[in-house]
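No lab work stands behind these numbers, since they all come straight from the coordinates. The model shown is predicted, which means the values in this text are computed figures rather than measured ones. Positions of Cβ are generated from backbone atoms using ideal geometry, with glycine treated the same way; all protein chains shown enter the neighbour counts.
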Amino acid sequence: MTISLLLGLVVLAAAATVLILRSRGDTATPVADEPGAPVAAQGCTPGPGTQGPATCGGSPTAGTPKPVPSGTSSTPSASARPRPSTATPAGTATSKPPPTSGLHGRDINAANTGYRAWTGPNGQRCTDATMKVYASRVRASRLGNATCVWLKGGLVVDRAVTLTAARIDAQVETSGTRLTLRWSTVDAPGHDYAVGGHVTAYRCQLINGSDGVRLYDTSIVESYVRVRQGSAEDHNDGVQAYRAGAGGEIIRSNIDSRPVNAPGILGTAAIFIADDSRGELAIRDNWLAGGVYTLRLHESATYRVTGNIITGYDEWPVSTSNAVPGAFLEWSGNVTGEGAEIRP
């Protein structure tokens, strides 16, 4: 065998060895890439400097993690859809609303009282078209506390309830059971009065009765009272009490005894307390108009009278001739429509 043949056999054997090793998976360890300028992936932006991590859609790529503020997640969650609050807004009236700073009876009118002026906690409004209608007289025990109802036949108050944004087309008489009306309209043409005793009314319209309110343990707050003449014999009063007890309050309300359907007629009084009425009555920050005497405070009741504006009278703003000695527990800040001080 020649030398050249032997050398050829050696080369063939070496090549076969290499092929066998590769078939067993014995490969060389790859060399790590040398550091250099980072390359942004598609749609990404290189980070600051030459070594900063690339960011894609606001999220950092592998590298130094982006700090996350305490209490937060690196991936913000989707914003929740806001839900209207069902809590009672601050200042919403309850059975006896808190004082409203700066408001006076002169600011109360037909536009900001009654069911049409009500706005619910979630922005609801109440109209004749959206009301639940009761064509016949309904019992409070059946109705319960209710909102946005139209009582065409009136209401029998056989249990204490609260009605909000109600329209009542009849006189309301409670027979001693407490009724709370909020943002409601009582329209009572042809009746002696719109509402009777044991009523709490807040932001209500009490309209078109011969008298507005028959006072007996009654709270009238920020309400609008107007009367209607049924006959020439009517002696219209905005608020009237006779043989009444337990007192009450008339606060920041707008009350006029001049009948809406009889121009030139003054009525008797915006507030008339007489005929052995008793108890303590607070009359504060009202706008009062009409009558021979607008404010007639007589008999055995006691009074706290402050901050009222009295106008539209025939003879004198106030009559106190039959009041008992010591009847006026408070008297201050009462003026005519022109600003002149009024004394009892």
- Message: Below 8 Å between Cα atoms, with a sequence gap of 6+, how large is the relative contact order for segment 110-336 in percent?
- Response: 11 percent
- Message: Give me Arg284, Arg139, Arg278 sorted ascending by neighbouring Cβ count inside 10 Å, so fewest comes first.
- Response: Arg139, Arg278, Arg284
- So how do Val318, Val227, Val199 line up by other beta-carbon neighbours within 10 Å, fewest first? Val318, Val199, Val227
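For Thr336 and Ala246, FRET efficiency with R0 = 25 Å and r from the beta-carbon atoms, rounded to 0.05? Kindly include the intermediate steps, with their values, before the conclusion.
On the way: r = 31 Å, r/R0 = 1.23.
For R0 = 25 Å, the calculated efficiency reads 0.25.
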- For segment 337-344, in order, what is each residue's ³J(HN,Hα) by Karplus, 6.51 cos²θ - 1.76 cosθ + 1.60 with θ = phi - 60°, in whole Hz (x at glycine and Pro)? x, 8, x, 6, 5, 10, 10, x
- Note on the structure: Here the equivalent ellipsoid of segment 273-322, derived from its Cα gyration tensor, has semi-axes (largest first, whole Å) of 18, 14, 7
- Message: Would you calculate the convex hull of the Cα atoms in segment 110-336 and tell me its volume per residue in Å³?
- Response: 117 Å³
- Note on the structure: Residue-ordered couplings for segment 294-311, obtained by feeding phi - 60° into the Karplus form 6.51 cos²θ - 1.76 cosθ + 1.60 and rounding to whole Hz (Gly and Pro as x), are 5, 10, 10, 10, 10, 6, 9, 6, 10, 9, 10, 10, 9, x, 8, 10, 10, 8
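Over all distinct alpha-carbon pairs, what is the Kirkwood Rh of segment 180-307 in angstrom? Please report the intermediate quantities before stating the final value.
On the way: mean 1/r = 0.0722 Å⁻¹.
Kirkwood radius, segment 180-307: 13.8 Å.
What list do you get for Arg343, Arg296 if you sort them by fewest beta carbons within 10 Å?
Working: Arg343 8, Arg296 24.
In order of increasing Cβ crowding within 10 Å: Arg343, Arg296.
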- Can you give me the P(r) profile for segment 147-205? Cα pairs, bins 10 angstrom wide beginning at 0, each as a whole percent. 26, 64, 10
